[in-house]
Amino acid sequence: MSDYYEKVKVQLEQMKSSGEGAEKEEASTEPDEALVSSPPASVSPFQTVHSSCPTAARQNGSKTAVTGRNRSKSRSKLGKDERNSSYKQESEYALHETLVAANANVGKPHNRIDNERQMLQIQGTGKILQGKTETNGNTVIPNQRPKETKGFSHNKEDGNKVVKRRKPVTVDTSKAKTSMEALKLSIRQLKWKEFPVGRRSACDIYWHGVSFHDNDNIVSGQVNKFPGMIEMLRKINLSRAVRTMQELFPEEYNFYPRSWILPEEYQLFSTQIRLAKDSDASLKPTFIVKPDGGSQGDGIYLIRDPSDLRVIAGSQTKQSVVQEYIHKPLLIDKLKFDIRLYVLVKSLEPLEIYIAKEGLSRFCTEPYQEPSQKNLSHVFMHLTNYSLNIQSGNFVHSNSLSSGSKRTFSSVLYRLASKGVDIKKVWSDIISLVIKTVIALVPELKVYYQADIPPGKPGPSCFQILGFDILLMKNLKPVLLEVNANPSMRIEHEQEVSPGVFEYVPSPVDEEVKVGVIRDTLRLMDPAQRKPPEMSVEVGSPEQGPGEGGVLPSLCLKQVFPKYTKQFSYLRTVERITALFLRFLGVKGNMRLGPTGFRTFIRNCKLSNSNLSMASVDILYIDITRRWSGMLPESRESGMGLQAFVEAFFYLAQRRFKSLSLREQVVSLLEVCEAQLENQVGGGKRPSPLAVLTNHINPDPYRFSVGGLRLDRRLWTEKIHLDYQKAK
Ligand code: ADP
């Protein structure tokens, strides 16, 4: 490694003298670049740029002492959702720098951080460092506004520029919970105005710790959570959403391990595994079982056969996902590790996605061996969760970003690059994975969104930071493990300084990564960015600059969508089906389509003919809706949800266009529907809300039994994972 660092330093000197700089970066950000074949340098995490060193701002910093009792009290106050998603990460990314290094000598790690980052930048981007050139091509000169932060209104009067200051952006932080510290620092750097106990009049931005509904009745501004995101990212729902995409685009979505939903797919799981074992006696697969609402590795275990599934009180298996275990992960220092990346969904319509250029890598603490009956229960070998591995005696607290049990992702990539790995390819595969995953989530999110914020009704717009957990396989292929709706944004970690007394001490690496993500998310959400140019005025004054150091660093978030629209837009087929669903949904706040709505859809799209009578349409509706309501027992609303509608749509498409592939069938039917609706005056009649309300499913057993339309989507998906298997 040290040789490599030397080489990089030499490169830096050479680049300085040859004047490589921002122009190259500009050239590399052309929107039409082919992402996978030739990933742009600009998407490399190595472009992580000089952040404004938030830790420095806290040098005299926070060290909050709490007793063990207080600590558990504050934990118990957290709601279930937060425990499941947000809180689960609270301690996970706390950097275990020693108390001495982090607190008493907080400046030192940052010098080191800066040094390491500089070298990484050079490798990834070939750019001049030392604060002169930023990765987005903006030249930053101290005390001068960076190009990307838009304008003051400069009025010339007697030759002097008069600077008109805009009102600071207001942020309601009353529900920020554990992200509060990072948020405060970000707001301070931006010179915005924080309202820690809320505000009677509206704020520009509402920062919630858990869900869209943390504050009720928000009618304007922006909220940092989407309605339904927590629900969509539960393990079962994520698996379902990805599976729908796998049915249409098996190759594109082979980054998600083969999964079965329990208990409903237990029979399917056990039959498929038995058949596979029968046909190949040498096959010794391993599976990982994850409870649906679980987090931090809680309740997770490995099995080698469906018969090993644990049952609850001797009866049913818990709601969970059982997944093929990736048994050949990439190892570093003989250890398994995973990657946490922060992703901003800036908007659903139009879809805008950003990825943070820096992330974290969490390491196991026991050398990895392929699973065997003997080591199946070795959690420190198989699970990368910080919360588990911290309990191991082998956990390495390190002051360095590139060693120890938690490291920066760029240090891992850097290490791989030094071994000759094509890290640009790795990074571009990761970006593809992220974009495809978000595309899989968007359809259902749109339904939630419309239910909470119907078009025409005053309401806020939404954005959200997600935490992607990714595993690299030995062949460097990234695999999606899960997505967290509320990744921890905590920038302190808890330390027991004497028995029963805990302190929160600053964690420089968390601060480094997370404050950048929050601050730059806020910058991207700045309401001034949305106003017409003449109204767009800037924060602060040129003399002071918006940040504490007088200038803001360039964004640590990189846009990947719509930047790569061309490569990925063909995947948005289910969104088109969703547009039809929403059109016929009718009632405000509704998420389920009634039978009349479904009939109207069939009629308006002219799908009924001699082969498909309206009677069989009704039967189809009843059959699919009934089966889905069995699969979603917790749902109180009756009717056809989006997933059921998509299934019905697939069925109709297969029936109408027999000889084509499923994808072609679906696209063909979409074209038929869209053309029909376009032809209709006013875009077709929507079912009257009253009609939808008064039409209930009539579970007529006779009609049900003559249907014969029972579907099994899993039959269509048999082929899906073959490529995935091959890749392994
Ligand atoms: P949790 O929400 O409880 O953390 P995860 O899905 O993240 O659940 O799984 C926990 C850990 O288990 C991951 O961090 C990873 O180390 C390991 N893991 C999860 N799924 C797989 C898989 N399919 N193959 C190999 N390891 C996995």
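All of the numbers you see were taken from the coordinates with simple rules; none came from a lab. All values derive from a computational prediction rather than experimental measurement. Counting neighbours? That spans all protein chains shown, and the Cβs are built from the backbone with ideal geometry, glycine included.
So if I take the alpha carbon set of the stretch 381-472, get Rg, then get Rh from the Kirkwood formula, what is the Rg over Rh ratio?
Here the Rg-to-Rh quotient is 1.13.
Across all directions of projection, what mean area in square nanometres is found for the Cα convex hull of the stretch 288-415? Mind dumping the intermediate values first?
Numbers: hull surface 41.9 nm².
Its average projected convex-hull area is 10.5 nm².
As a rough guide to protection, the peptides 612-623, 555-566 ranked by mean Cβ packing within 10 Å, highest first, stand as 555-566, 612-623. As a length-normalised measure over Cα pairs under 8 Å and 6 or more apart, the relative contact order of the stretch 445-506 settles at 20 percent.
Per residue, the convex hull spanned by the Cα atoms of the stretch 201-296 amounts to 153 cubic angstrom. Spherically averaged projected area of the convex hull of Cα atoms, the stretch 263-326: 4.6 nm². In terms of its Cα atoms, the stretch 606-667 spans 38, 26, 15 Å along the principal axes, sorted from long to short.
Computed over neighbours whose Cβ is under 11 Å from that of F463, the net charge equals +1, Lys and Arg +1, Asp and Glu -1.
What the Cα convex hull of the stretch 389-432 gives, in volume per residue, is 83 Å³. Phi-derived couplings, Karplus 6.51 cos²θ - 1.76 cosθ + 1.60 at θ = phi - 60°, listed residue by residue for the stretch 253-265: 10, 8, 8, 10, x, 4, 9, 10, 9, 10, x, 4, 10 Hz, with x used for Gly and Pro.
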